[in-house]
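Working notes, structure below.
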Amino acid sequence: MPLLSDSREVLPIHRKILGFTFIGWIFDFYDLLLLTFLVSSTTLVNDLGLSRGETGVLLGTALAFTAVGGLIGGALADRYGRKPLLMATILVYSVGTLASGMALGFWTLLIARAVTGIGVGGEWAVAHALVGETVPPHVRGRYGSYLQSGSAFARFFATMVGNLLAPWIGWRLAFMVSAAPALIVVWIRREMPESDVWLQSVRAGISSRLGYAAALGRMLGPALRATTAAAFTVTTMNMAAYWFKTIWLPTYLHETRGLTLGDVTWLLLMDQIGSLAGYVMFGYCSDYFGRRPSFTAFSVDPATAANGAATCSASPSALAYGATAKAAATSGNAKSRFMSTA
């Protein structure tokens with residue numbers, strides 16, 4: 001029986017898989033980013049008596065634990081399947097977000113954010129694998145861009161909730177309401193198919209023979225060592241630029257540049273528009289021109305745009321170009337990590 005990825009046409013089942021993973025992608029990014037807005041728009045810092053250093057640690061904790069979640073989620077998805085792990089990771093990051101709203105101090109919020117990060121990282125690993133294994137190679141770049149574009153929608157929702165709703169309802173209720181995506185697990189359980197590539201590997205006994213250590217050994221072996229090192233280095237630098245901008249931009253604009261929450265919201269909308277453009281353009285470019293040329297081209301703009309945004313006046317209109325241009329280029333490269341499945 002042919003695999004879904006062998007199809008010459010995009011089938012309804014491909015769109016269904018993309019749809020489910022896209023929804024999970026939106027809400028995992030949303031839960032990951034919500035705290036970055038709440039620290040500057042609500043009384044969270046004062047309520048929990050957080051120092052500036054502790055706030056920085058909390059903002060980085062969830063992101064750091066996405067690496068843990070990715071390792072755990074990827075290993076478990078190879079053993080138990082993509083579908084059950086997608087459901088499990090959504091539940092994990094939803095529980096972490098709910099617990100964030102119940103935090104009593106630095107340590108309880110730290111633990112809650114770590115749980116959120118584990119769930120988010122696991123969902124990233126599973127969603128990428130599921131889409132990469134099932135869509136045809138000739139549209140894999142575009143489907144990767146569609147999946148990754150969920151992060152722009154997530155930032156939009158986080159901006160709206162964090163800057164406009166949370167000041168009215170409070171940071172605790174904002175976190176608790178944001179745990180609602182756990183309900184989509186019921187829908188996924190009923191409607192989403194399992195990866196046929198994974199099912200084939202189970203029938204062949206591959207997933208039970210190749211453990212996590214063995215897979216890592218292959219990546220570090222003579223045949224793949226140079227490729228693994230290059231990919232790891234480029235991805236680390238690219239993700240550092242992307243997440244430095246994403247995590248700190250709301251606080252930077254509001255507290256350092258002295259912009260109002262309304263101006264910050266408008267600028268972040270420009271950032272999200274640029275991100276959507278970057279994701280879609282990179283997807284099409286990577287399918288038509290190849291992964292390497294596209295990655296190189298999208299690496300040229302971010303530094304210039306970032307420098308312009310950092311050194312220009314505090315006028316929102318002057319900052320808008322830098323936010324949009326940098327988001328387009330950085331976001332395009334951010335989704336390029338999906339291309340490893342091509």
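Assorted remarks:
- Taking the stretch 9-45 as the range and being hydrophobic (A, V, I, L, M, F, W, C), in contact (Cβ under 8 Å) with a residue 24 or more places away in the chain and farther than 14 Å from THR116 by Cβ as the test, the residues that pass are VAL10, ILE13, ILE17, LEU18, PHE20, PHE22, ILE23, TRP25, ILE26, PHE37, VAL39, LEU44.
- The condition of being surrounded by 17 or more Cβ atoms within 10 Å (Cβ to Cβ), within 30 Å of GLY205 (Cα to Cα), within 19 Å of the chain's Cα centre (by Cα) and not aliphatic (A, V, I, L, M) holds for only one of PHE20, PHE29, that being PHE20.
Yes/no matrix, rows are residues, columns are (1) touching a strand residue (DSSP E or B) at 6+ places or on another chain (Cβ under 9 Å); (2) within 20 Å of LEU249 (Cα to Cα); (3) of a type in the set (A, V, I, L, M, F, W, C):
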{"position": "GLY122", "(1), (2), (3)": "no, no, no"}
{"position": "LEU130", "(1), (2), (3)": "no, no, yes"}
{"position": "PRO137", "(1), (2), (3)": "no, no, no"}
{"position": "ARG142", "(1), (2), (3)": "no, no, no"}
{"position": "PHE156", "(1), (2), (3)": "no, yes, yes"}
{"position": "ALA179", "(1), (2), (3)": "no, no, yes"}
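- Qualifying residue in the stretch 115-127 (condition: more than 30 Å from PHE282 (Cα to Cα) and not charged (D, E, K, R)): yes
- Every pair of residues 6+ apart whose Cβ atoms lie under 6 Å, when the first sits in the stretch 242-255 and is within 16 Å of GLY278 (Cα to Cα) while the second is in a helix (DSSP H, G or I) and of a type in the set (Gly, Ala, Ser): TYR242/ALA334
- When restricted to residues that are small (Gly, Ala, Ser), under 30 Å from GLY170 (Cβ atoms) and assigned to a helix (DSSP H, G or I), the stretch 39-82 contains 8.
- Residues of the stretch 124-154 that are touching an Asp or Glu at 6+ places or on another chain (Cβ under 8 Å) and small (Gly, Ala, Ser): GLY141, ALA154.
- Of the residues making up the stretch 83-109, those that are within 27 Å of THR21 (Cα to Cα) and assigned to a helix (DSSP H, G or I) number 18.
Per-residue answers, yes or no, for (1) out of contact with any helix residue (DSSP H, G or I) (no Cβ under 8 Å at 6 or more places or on another chain); (2) modelled with pLDDT under 85; (3) assigned to a helix (DSSP H, G or I):
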| position | (1), (2), (3) |
| --- | --- |
| ILE184 | no, yes, yes |
| GLU194 | no, no, no |
| ALA229 | yes, no, yes |
| THR236 | yes, yes, yes |
| LEU253 | no, yes, yes |
| TYR279 | no, yes, yes |
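One line per residue, one yes/no per condition, for (1) among the acidic types (Asp, Glu); (2) over 30 Å from VAL10 (Cβ atoms); (3) modelled with pLDDT under 95; (4) surrounded by 18 or more Cβ atoms within 10 Å (Cβ to Cβ):
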| position | (1), (2), (3), (4) |
| --- | --- |
| GLY56 | no, yes, yes, no |
| ALA67 | no, yes, yes, no |
| TYR80 | no, no, yes, no |
| SER94 | no, yes, yes, yes |
| ALA99 | no, yes, no, yes |
| PHE106 | no, yes, no, no |
| GLU123 | yes, no, yes, yes |
| ALA129 | no, no, yes, yes |
| GLY141 | no, no, yes, yes |
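- Within the stretch 129-182, the set of residues being in a helix (DSSP H, G or I) and among the β-branched types (Val, Ile, Thr) comprises VAL131, THR134, VAL139, THR159, VAL161, ILE169, VAL177.
- Residue check, VAL92 touching a Gly at 6+ places or on another chain (Cβ under 7 Å) and more than 30 Å from TYR288 (Cα to Cα): yes
The values are calculated or read from the model by the stated rules, or taken from the named source; none is laboratory data. Predicted model, so just to flag it, every value in this text is computed and none were measured. Every residue, glycine as well, gets a Cβ built from its backbone with ideal geometry; the counts of neighbours run over all protein chains shown.
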